[in-house]
Each structure stands twice: as C-alpha cells, then as structure tokens.
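In what follows, a structure is listed as structure tokens, so that the remarks can point back to it.
Where a number appears in this text, it was derived from the coordinates with a stated rule and is not lab data. Everything numeric in this text was worked out from a predicted model, so none of it was measured. Neighbour counts run over all protein chains shown; Cβ positions are idealised from the backbone, glycine included.
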Amino acid sequence: MLKDEFPKSNEERNVTRRRFVGVSLGSGAAILAGKSDLIFGADTSKAPKLSMNTAFTLGGDLTVHRLGFGAMRVTGEGIWGWPPDRENALRVLRRVVDLGVNLIDTADAYGPDTSELLIAQALHPYPKGLVIATKGGLTRPAAGQWVPNGRPEHLKKAVEGSLKRLRLDRIDVYQLHTVDSKVPLEESLGALKEMKDAGKIRHVGLSNVDRQEIARARKIVPIVSVQNRYNIQDRDSEDVLVYCENEHLGFLPWFPIGGGRGLKTGHPLNVAAKTHGVSVVQVALAWLLERSSVMLPIPGTSSLTHLEENVAAAKLKLTAEEWKAIAGLAA
Ligand SMILES: NC(=O)c1ccc[n+]([C@@H]2O[C@H](COP(=O)([O-])OP(=O)(O)OC[C@H]3O[C@@H](n4cnc5c(N)ncnc54)[C@H](OP(=O)(O)O)[C@@H]3O)[C@@H](O)[C@H]2O)c1
C-alpha cells in the first residue's frame, strides 16, 4: 500500500463520522448564510463563479483556474466501486464545470475506473478549456489496497485505458501516481514520454515525489506539475512546493482540507472564519491559494453544498496578519 495515500486503512470507512473540531461543517453553510457574500443558502444558483484572475498556465498552454476539483470522492465508499447515489455524483461533476472550475483531478485507481467513467458520463463532450488531469501507476487489486505498478508496459496500458474511459484522443495532464520502488523512475517516465511522443498525452505530471525524483524525471520528459500531500497542518512537502515555485511547475496539494479526517482547527483558523463569516474549510483553501501562485488545490467532495462552499473560498482574501497566524499552526 502506498504510505501517503491513506494513512489509515479504515480512514475512508470513517468519512461519514468525520469531525472538524470547533465548527459543525454540516451546518456551516446554513449557519453562515447571509453573513458574507461568499456564502449562499439553499439557492445554489447564487453561488459565485470563479474569475480568471486566479489562473495558472500549465505547461505553457493550459490555463486553468487555480481552484480545481478532486474527483476521488465521487466514487464508492473506500474509493471503491460506484457511489451509492450515481445521479448525485453526476450532478456534482456537472456543477463543478458550471461554477467555472476547469481543472479536474482523477486517476484510474479511483473506483478503480469509476471516477473517470463518471467524469465522461457527466461531461463528455467536454466544454472548451476543461483540463482533466488523470493518473496511473497505482493499482487496486482489492478494496483497501493501493499497490504501485510503474512498469512501462503497465503504464502504457493504463494510458490507453484512461483514454478510453475518458473518451479522449489525448490526455491533457497525465500524472505518474507514485514512484514504484521496484522500477527505476527513468523507466516509468520513459513509457510516459513514449505516450507523449505518440500524441496520447499532452503534458506529464508527477505525484508523491521528492525534489530529487522531480529532477531525475525532468531529465527524461518535461514535467508540468507535482501532486503531493499538503495542507495548513501538513507541510512535509514544503521543499517540493518551493522547488515548484522556483521552476514554475503547478503544485496540486492533495488532502488540501485534511482528507477524510478533516483539519484539526485551531484558534487563528476559527477566528478568521468567524471574522469573515465563512467556514474553516474556506479559510484553509484561501490560505493555500495565497501561499503560492503555483498552488492548485483540488478539494474533493461528493456534496453539492460542500462543492459550492469550496469554490466560493477562491474569493476569500485573508489579511496578512490572519495568514501569518494560520501559517504558525503548522509549527
Ligand atoms: N496523488 C495522491 O496520492 C492523492 C491522494 C489522495 C487524494 N488525491 C487527490 O486529491 C483530491 C483531494 O483530496 P481528498 O479528496 O482526499 O481530500 P480533501 O479534499 O482534503 O478532503 C475531502 C474530504 O473533505 C470533505 N469535504 C469537502 N469539502 C468540504 C466542506 N466544504 N466542508 C466539510 N467537509 C468537506 C469531503 O467529504 P464530503 O464528500 O462529505 O464533502 C471529503 O471527505 C482527491 O479528490 C484526489 O483527486 C491524490
């Protein structure tokens, strides 16, 4: 199992019991309705849309809003199989695009396959400018298992599978999901370079890598993005983020709002949330967006209300004092 994917094997089973200390997020949007123009009540058509001033250009030619969407959570429990309410998953995916989000992260491992299939069912033919970033190189032999496979023949088959499920001729961003310790990184990236040269991939990204691995990968094929675990309370990948800033690579933080366990909220987070009349999750996302211009958070949700709350966070501006106080939480 990949260490970083799910720190505890039963984590996903506890998703529904997740607690965010200090704030009841289930009722957050309703409680906060009317307190801020960021928040909206039951009439979801009033949800603010993203504007292009929060944009980042991946690989020199794919301009996306920096707040994306992680499509791991539209699958079944434990990121396995179909979601209990497939229509809801399709509605969430369609709303993602309606709200102006144009970066969707997924992987063949989510379901497996079901996340990509749902994206195609909900959104194909895709609207112009929508960037789907998928991943391969992590397999799901059974529920609860995440097993790396970076062998070239597997990766080439994985790309073909994603093309088919997503109904695409070319994948805009294809990320190596993780480094397989049994396969030299150069061999895995060599396979992706072949697929890029064949026109099946536009850009290559990496996930769950350190700086040395990024540098090695870039000797094989140009890399446009890196996806590592990162949020206000987990900044183990700070050095990778700084590398991405220096090299102008997109940085997609996974677990941007703490994953299935949520964030342990602390005083400055709660204070900022109260001041702005928003939720702690929104403060956490606004903090990430302000942390770096290469930051492309991809919060995941199976809930329309949460989706709209998350997208609205792109418009929240923290003061320098608030930002600094929250930054101190990691220490
Ligand atoms: N590269 C990798 O190894 C890797 C690993 C993990 C994830 N990822 C990618 O990163 C994306 C983000 O990670 P993630 O989805 O695991 O974690 P996350 O975005 O930090 O958190 C998602 C969790 O938070 C809940 N949530 C979302 N919005 C909320 C809100 N406004 N209020 C309260 N709860 C909220 C979701 O539950 P509800 O469904 O109830 O909203 C879900 O349980 C994934 O979707 C996937 O695309 C990549």
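Here are the numbers:
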{"item": "Highest-first arrangement of 186-193, 284-291, where packing means the average Cβ count within 10 Å", "result": "284-291, 186-193"}
{"item": "Dipole-positive endmost among Ile232, Ile298, Val74 within region 19-330 (Cβ charges, Cα centre)", "result": "Val74"}
{"item": "For region 19-330: relative contact order, % (alpha-carbon pairs under 8 angstrom, 6 or more apart)", "result": "21 percent"}
{"item": "Full-stretch length increase - Thr275, Arg91 - with 0.36 nm per residue and alpha-carbon distance subtracted", "result": "63.0 nm"}
{"item": "Distance (nanometres) between label positions extended 7 Å along Cα→Cβ at Gln121 and Trp82", "result": "0.6 nm"}
{"item": "Convex hull volume of region 19-330 per residue (C-alpha atoms, cubic angstrom)", "result": "122 Å³"}
{"item": "Principal axes of region 71-120: Cα extent on each, largest first, Å", "result": "28, 20, 16"}
{"item": "Sum of side-chain charges, Lys324 neighbourhood, beta-carbon under 12 Å (Lys, Arg +1; Asp, Glu -1)", "result": "-2"}
{"item": "FRET efficiency for Ala198 and Glu247, using Cβ-Cβ distance with R0 set to 30 Å, rounded to 0.05", "result": "0.70"}
{"item": "Förster radius 56 Å - calculated FRET efficiency between Asp169 and His267 (Cβ-Cβ, nearest 0.05)", "result": "0.65"}
{"item": "Estimated FRET transfer efficiency (Gln212, Ala327; beta-carbon r; R0 35 Å; 0.05)", "result": "0.85"}
{"item": "Separation of the Asp236 and Lys219 label points, Cα + 7 Å toward Cβ, nm", "result": "2.6 nm"}
{"item": "Extended-chain gain in nm, criterion 0.36 nm per residue less alpha-carbon gap, Thr319 and Ala143", "result": "59.0 nm"}
